[in-house]
1. If I ask for residues that are of a type outside the set (Asp, Glu), in contact (Cβ under 8 Å) with a residue 24 or more places away in the chain, surrounded by 11 or more Cβ atoms within 10 Å (Cβ to Cβ) and part of a helix (DSSP H, G or I), which ones from region 1-20 would you list?
2. Kindly provide the set of residues from region 21-36 that are surrounded by 12 or more Cβ atoms within 10 Å (Cβ to Cβ) and out of contact with any Leu (no Cβ under 8 Å at 6 or more places or on another chain), ordered by number.
3. What are the residues in region 42-51 that are farther than 16 Å from SER3 by Cβ and of a type in the set (Gly, Ala, Ser), if any?
Amino acid sequence: MGSAKQIDKLSFEQALAGLSELVEKLESGALPLEESVAAFEQGVKLSRRCEALLDQADQRLKVLDDNPDNESA
């Protein structure tokens, strides 16, 4: 996990798992300053990916909710 193109291909679950892993590393306090900054930057990218995927899912749900033809019985 590194480049923006790689992050853009991650599923929500993959991005969230990567973010959780980074948070654990940062909270441990074991990383040197430079690695902490790099981990934080990576975390921001993963967080944005999660947010984008959640927004997409929300939009899909709104379309289904607004369209009465998609009612399931």
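Read-outs: derived from the displayed coordinates by stated rules, not from any lab. Just so we're clear, the structure is a prediction, and the values are computed from it rather than from any experiment. FYI the Cβ positions are ideal-geometry reconstructions off the backbone, even for glycines, and counts take in every protein chain you see.
1. ILE7, PHE12, ALA15, LEU16, GLY18, LEU19
2. Let us first name the residues in region 21-36 that are surrounded by 12 or more Cβ atoms within 10 Å (Cβ to Cβ), namely 21-23, 25-26, 31, 35-36.
Hits for region 21-36 are GLU21, VAL23, LEU26, LEU31, GLU35.
3. Of everything in region 42-51, just one residue is farther than 16 Å from SER3 by Cβ and of a type in the set (Gly, Ala, Ser), namely SER47.
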